[in-house]
Each structure stands twice: as C-alpha cells, then as structure tokens.
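Only one structure is covered here, and it is reproduced in the block below.
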Amino acid sequence: MAAMPALAQKEISGKSQVTHLKITPEYKRGLPPILYVDMIFEDDNNNGIIEANENARLHLTISNKGKGPAQGLLVTLKSNINDPAFKIGDRQEIPFLYPDNDIQVTIPMQAGFSVNTAEHLIEINITEHFGYDMDPVLLQLSTLKFQEPKLEFAGIQIIDTGEGTGPLIQDGKLQAGELVKARIVVQNTGQNISKDTKFNIFTTDPNIYITEGQGNIGDLAIGEWKEIWVTISPNKRVTTENRLPVYITTSNDVARGNLYREQLPIYLDQRPAEIATVEIKADIDALTRQIARFEIKSDRVTANVGKEIDIRQILPSNTKRSDAVAVLIGLENYDHFVGAPYAENDVTIMRDYFRNVLGVQNILFYKSKDVTGYAFDNIFNPVFGRLQQQVMKGQTEVFVYYSGHGIPNKNGNKVYLLPTDGRVEAIEQQGYDLNQLFKNLLALEAKSVTVFLDACFSGISRTSENIAPQNLLAMKGVAIEPEIDEPWLANPNFTVFSSSGYNETSLGYDAEQAGLFTYYLCAGLQGKADADGDKKVTSGELENYVTRKVMETSRKIRGLQTPQFRGDRNKVLVEYQ
C-alpha cells in the first residue's frame, strides 16, 4: 500500500484551513471506501445568521469506515445565489483518506459590508475519484444586510433659569434678547448601534448666537437616547414668528442613519412640545426564524448548527476551597412592583457553580420569600449578621452573588437592594444601600471578598427580548452616579463583578431563562474564559470574556449592556485538569 501523502495545515485569510503540498498522486482502484461526515456550522455571534461584516465557518470531519482508501476527495460548496459580497472558501482536495482514519476540514465564509439579505441554499458535495461519492447535503442559511442605526430628533426643552442663563422672563420659552440653555434629545431608533456619534448644532442667522454647539455623545445603542446641551441667544434683531433657522447634523463611524441639517422646532415666545422618545426593540424575532439548518438525506451524515452553551451541564473543577462561604440571593417576586425575570433561576444555577466549580460548600441560600423586612442587615451586618458568624478574620474567602432589582434614589446618588416586601417610595428607609453592603463586607476582614451583581440600578426593570422594560420609579433623565467608597482600593483582595453600568439596563436572556450576565458568567466559569489555555480562569480572563459576550449579545436584544469590574485581575478563580 502506498504511503499516505503528507498534509500541511495553516490558516490563510479568506482560504480554507487545510492546504496540501504540491504532489501528483497516482490513484489505483481497490476495495471501496465508505465515507461518513459530521458537519458543524458556526458564525461569529452564534445566532445562525451571517450578518454584514461577519465571518462563519463550516467544519467537516470526514471519516473512512470502509476497507479501501478514499482517493482524490473533493469538498466543494456552491450557493444558488451570486452575491459578490458573500464569499465561500475554496474547494478542498484530499489525496488519500485511509480506512479507520478521519480528517478535519474547515471552509470559511464571509459576508462583506454590502452583503444583501438573502436565503442561500448551499450545496455541499464530497466526491471521490472513483465515484464513491457521498450524497449532497444542503445548508440553508441567511445573509443579512447591514442593519443601520437611525438617529432621530426626539425633542427640545428650553431652560431659562439657573447658572449660565440670562432670561428676560422665566417661562420656559425663548425670547429675543435673552440667553437660555437648550436640552436637545436625540434617539437611535434604528437596528444597530450608532458608534462615535458627533453633533453640530448651528444657525444660518448671524443674529442668533450658539455656544457649545459641537461635540461627541459617543455610542447610542438600539433605542438609546442622549441629551445635548447648548446655549442659544437670539439678539433683539430677531423678530420672526417662524421657526428659527437653527439646525442639527450628526455623524457616526459608518456615516449611516444620521440627521442632516434638520431644523429644530424653536420659535420665539413659544414653549416647545414635550420630549417624546419611543420604545425600540432589536429585530431578532424575524432573524431567529431564518437560522441556518441542514437538509440531510443520508444516514452517513450528521450535522448541526452551533448551539447555545448549556450552562446547566456543569463540569466539576479541581478547585476546592476548604475555608470559604458564599451568600447567594435571587429576588424575582416583589410584593409592590414588577418582578425581576429569571432571578430565582439564576441563583439556583449559581448554587451548583459555587459548589462544583468554585469549590465553595458552605452556602447561605436565599430566594424571594426569604428576603423581607431587615433580611439584608440580618445577613450582612458585621456585628450580628449571619455571614459574620461564618468568617474567620484573614482566613475565610467570602463570595456574594445577587440577582434581582437594584434601585436608585430620586437623586441618583445612592443605589439600593430592596427586600421583596419593600416599597420604592420608602427606598431610603427599607432599601439596603450598596455602599453599606460593601462597607460591611470590608469590615469582616476576610481573606478575600468577591461580589457578583446581576442587577441594574438605572430605575428600569430587568427586560429581555420578550419582556418589555418598566420604569420602577417614574423617573426620567436622572443620571445615576452613586457615591461608592470603592473598597477595592482599600483592600486589593476585594473584587466586584457588576452586570452593567449604573445608567444601563441589565437584560434577561430568554433562550436560557437566565440573566444575560449570569449566562455568560457561567459559560466563562465552565472554561470558555480561559484565553491562554492554561486550564485556569482568572478574574481578568472572566472579565474580558463576560464583557465581550454581554456587550455583543445585548446590542441585539434591547441596547448596550456593559459589565463592570473592579479588583485584582490576576486572581485565579477556577482551575481545571
């Protein structure tokens, strides 16, 4: 039997991953091969659709279970639709595949920026020189054109009182001869984030003076709105009863969906209409009905589309913490306002991760019915709380996990955890100040403290693709800037993972019935976060993985969610074999 020709494997941009040395094989027909193949399709964001500027891969594992060699194998992919912006990697040639051997082939696909929305039917053929071919397999997949942001003017408010204004009459209107501040609201009503968004507010009338009319308001997620503040002063020569010639133009990184010289509804001696934003949902429903799928006619072909991570399948780690305690709280059902979807699922799942992955056996576990009245203080008070009874100073590792609502006060300078029988109207009396929680944990003088918070503090309820947001406090436009003493500066062994920024909403993930942050937290602890492959997950690796995945997925649900991290990035959380 002739020796099997050597294969060279390398990765080339735009090419498939298996290439071959320059050889001229000599084929001789003998005993027939019997070919089997397993196929996996995956795209970058794992949603089964190839979107503009996204890459995908078809992985094939071809095996020969016959008695003779497969010779001159060709793997080819061909779409029924010709789109120059959708590229499929070159065909692959495999000179020999001997019995009881297999080979892996990866064929890349790429959708460019100008790709069209289309449903492709891709025929996958594996042929053999002597005709021992496999039956064709069809891969149905959709490409999706670039989803544009769309910036819209949502309203304006005239502020003619306070520092920096010079009113003639304090009436919320603009008069000739006075200087006012204008609060201009712009919203992204499109289906993609508007990145690096700049604005220019200007006038064509030399008798109208505008200052601070240019600036950058950063990124606007789907449905997000932001304020622009400028000063406007028309002099006494401005007498028109028509709309003043004041305009707004915006720009972003893709130069799509912008406002261009849109005239603002500013009149002399008229109060502007109320600012009105609208609820925008990412168009996921239509996409999920078109995810990639295989059509298979042969029992020698198996295939699947890259699936969600099953966070309920937990691989035990080597990590054992002999002196550690964890407090796990999941508050989903509240007596006096809307619940926090999936919070009790979150805490139940995390209990298994603390036991089997983080190696913590001493767990104080609480659900909605357990956390009423002064429950938080009864748990965390450093003098008489239940937690302090479990802690030896300088020896015990303390972990806290919380999933549920976080609620700000009306000024936005404090944020609270609220017991399930509490009322938001009495938040400062019945809530548990997050800063106080951190102070109490620091006062335990434990060996280390690690906190995971799957809660937002924006005043908006936890939302998801299928669950609409609700305003818990009926507050609008209040910047949440809590006064936190930052215990991680006082103690380098104090670590905090938070699911979102203080002004963002933390989302639920309907597909897994869990918080989006908790879902990727679990996936990261499974080992997905192990970036360097050393079988260890550090805090820094977990932060990088969770932040990237949550931001990527949240943009496709209801707007940007940005996890936050404070503490030692080098701390090892989990070790595997």
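Observations, loosely collected:
- Potential lengthening between residue 202 and residue 135 on full extension [0.36 nm per residue; Cα-Cα distance subtracted]: 17.6 nm
- Working value for the stretch 151-263: equivalent-ellipsoid semi-axes of 28, 14, 11 Å, each the square root of 5 times a Cα gyration tensor eigenvalue, largest first.
- Compared with the alpha-carbon gap, the fully stretched path from residue 575 to residue 116 is longer by 160.8 nm at 0.36 nm per residue.
- Entry note, the stretch 71-174: relative contact order of 25 percent, from Cα contacts under 8 Å with a spacing of 6+ residues.
- With q set to 0.23 Å⁻¹, the log10 of I(q)/I(0) for the stretch 42-90, from the Debye formula over equal scatterers at the Cα positions, is -0.99.
- Take every Cα pair under 8 Å whose residues are at least 6 apart in sequence, average their separation, divide by the length of the chain, and the relative contact order is 10 percent.
- Shape call, the stretch 139-191: gyration tensor on alpha carbons, a/c limit 1.5: prolate
- Chymotrypsin sites (Phe, Trp or Tyr not before Pro) within the stretch 94-161, DSSP loop, no more than 11 other Cβ atoms inside 10 Å: 113
- Computed [θ] at 222 nm, deg cm²/dmol, the chain (DSSP H ≥ 4; -39,500 (n - 2.57); rounded to nearest 500): -3000 deg cm²/dmol
- Prolate/oblate/rounded call for the stretch 41-191, Cα gyration tensor, a/c under 1.5 rounded: prolate
- Within the stretch 320-374, the proportion of Cα pairs with more than 18 Å between them is 37 percent.
- Two-decimal ratio, the stretch 72-121, of alpha-carbon radius of gyration to 2.2 N^0.38 Å: 1.48
- Relative contact order of the stretch 35-77, taken over Cα pairs closer than 8 Å and 6 or more residues apart, is 44 percent.
- Ascending count of other beta-carbon atoms within 10 Å, so fewest first, for 516, 141, 74: 74, 141, 516
- Only Lys, Arg (+1) and Asp, Glu (-1) charged, at Cβ; the chain dipole about Cα centre in debye: 700 debye
- Pairs of alpha carbons in the chain whose separation is greater than 40 Å (percent): 43 percent
- Taking every Cα-Cα distance in the stretch 324-575 and sorting them into 5 Å bins starting at zero, the pair-distance distribution P(r) comes out as 1, 7, 14, 19, 21, 19, 12, 5, 2, 0, 0 percent.
- Global form of the stretch 200-276, assessed from the alpha-carbon gyration tensor, a/c cut-off 1.5: prolate
Laboratory data are not the source of any read-out in this text; all were calculated from the coordinates shown. Here the structure is a predicted model, which means the values were calculated and not measured. Every residue, glycine as well, gets a Cβ built from its backbone with ideal geometry; the counts of neighbours run over all protein chains shown.
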